[in-house]
Amino acid sequence: MSAATAFPSVANIAPQSFDIRPFSGAVGAEIIGLDLARPVNDLDFSRIHRAHLDHHVVVFRDQRITPEQQIAFSRRFGVLQIHVLKQFLLAGHPEILIVSNIIENGQSIGLGDAGKFWHSDLSYKELPSLGSMLHAQELPAEGGDTLFADLHKAWDSLPHVLRKALEGRSAAHSYTARYSETKFEGNWRPTLTPEQLAQVNEVVHPIVRTHPENGRKALFVSEGFTTRIVGLPEDESQQLLAELYAHSVLPENIYRHPWQPHDLVFWDNRSLIHLAAGCPSHLRRKLYRTTIQGDAPY
């Protein structure tokens, strides 16, 4: 069942007038004129869904929506996943992870170094994410960009010798792979409790996955969560992964998103990996993330 037909019909809702404008580079499009504070009817939703599949990341401009509205729109695409770091979930709305470097009363209000390494959200779960929505609440005066790399194009351009090396191979993914490594000044991650660790056991996924909706193949490894290639000696595994990581983030396959106030960015974790570029630690940054559950990679 497709995302566009998985939920109750809202066909009686009036259509909205909006434009979908592809970016000039490798990936991405912006959606202008749509108001997600209003209900979205089936026809409009179908256009959005198609744009998401075609462009892999879509930017809804000037979305002055509430957490409840973000959650409701996210649920149009599937079941929402709750992040393991429950201390950073929005009060009253556990579907929303707060991504922020802000310190209040000596405590971080959100996950300050989210996305510090290239990754696909929740690839460390048996059912990784279909996609994530990130809504800007407070933006820094400089920095804070997010980069997206197209893993369909990475696979399409992968040298034959590497393709042969990957045939039938799987890789292990772990949330704790680089969990404690610091990258952004002033940010830290809390120690995981035994209960939290039990929620993020290592999983194994195919290195090359087939997108369940568009049928295209994509690499499915990342420096953030992938730890090893199953069945290879450690040195061979790390060498091959290093080559895949480097190939995955060639400049011609990357879209760099400079945030604008009230942007809502929705990306496909089955097609892309992403990276937070970071910002000066004294500049406040806060965003709200919802994450939609996907299928088991195959």
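The values are calculated or read from the model by the stated rules, or taken from the named source; none is laboratory data. Everything quoted here is computed from the prediction, not taken from an experiment. Note that each Cβ is placed from the backbone with ideal geometry, even for glycine, and that neighbours are counted across all protein chains shown. What goes into the accessible areas is simple: the full protein's heavy atoms, side chains included, and nothing from ligands, DNA or RNA. Shrake-Rupley method; radii C 1.70, N 1.55, O 1.52, S 1.80 Å.
Figures for the structure shown
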read-out	value
Subset of the stretch 52-101 (residues that are among the polar types (S, T, N, Q) and open to solvent by 40 Å² or more (accessible area, probe 1.4 Å))	T66, Q69, Q87
Conditions (1) modelled with pLDDT of 95 or more; (2) out of contact with any helix residue (DSSP H, G or I) (no Cβ under 9 Å at 6 or more places or on another chain); (3) closer than 30 Å to E223 by Cβ: number failed by V58	(2)
Long-range neighbours under 8 Å by Cβ, at least six apart or interchain, first residue small (G, A, S) within the stretch 18-29, second surrounded by fewer than 17 Cβ atoms within 10 Å (Cβ to Cβ) and assigned to a strand (DSSP E or B)	G28/P22; A29/R21; A29/P22
Positions within the stretch 262-290 being polar (S, T, N, Q) and in contact with a helix residue (DSSP H, G or I) (Cβ under 8 Å, 6 or more places away or on another chain), in sequence order	S271, T290
Qualifying residue in the stretch 36-53 (condition: among the polar types (S, T, N, Q) and over 20 Å from the mean Cα position of the chain (by Cα))	yes
Some residue of the stretch 42-54 being of a type outside the set (D, E) and assigned to a loop (DSSP other than H, G, I, E, B)	no
Tabulated pairs, the stretch 134-159, first at positive phi and open to solvent by 30 Å² or more (accessible area, probe 1.4 Å), second part of a loop (DSSP other than H, G, I, E, B) and not small (G, A, S), C-beta under 8 angstrom, 6+ apart or interchain	G143/C279; G143/P280; G143/L283
Selected residue (criterion: surrounded by the fewest Cβ atoms within 10 Å (Cβ to Cβ)) from residues of the stretch 197-218 that are out of contact with any Lys or Arg (no Cβ under 8 Å at 6 or more places or on another chain) and assigned to a strand (DSSP E or B)	V204
Residue count, the stretch 222-264 (criterion: open to solvent by 40 Å² or more (accessible area, probe 1.4 Å) and among the aromatic types (F, W, Y))	1
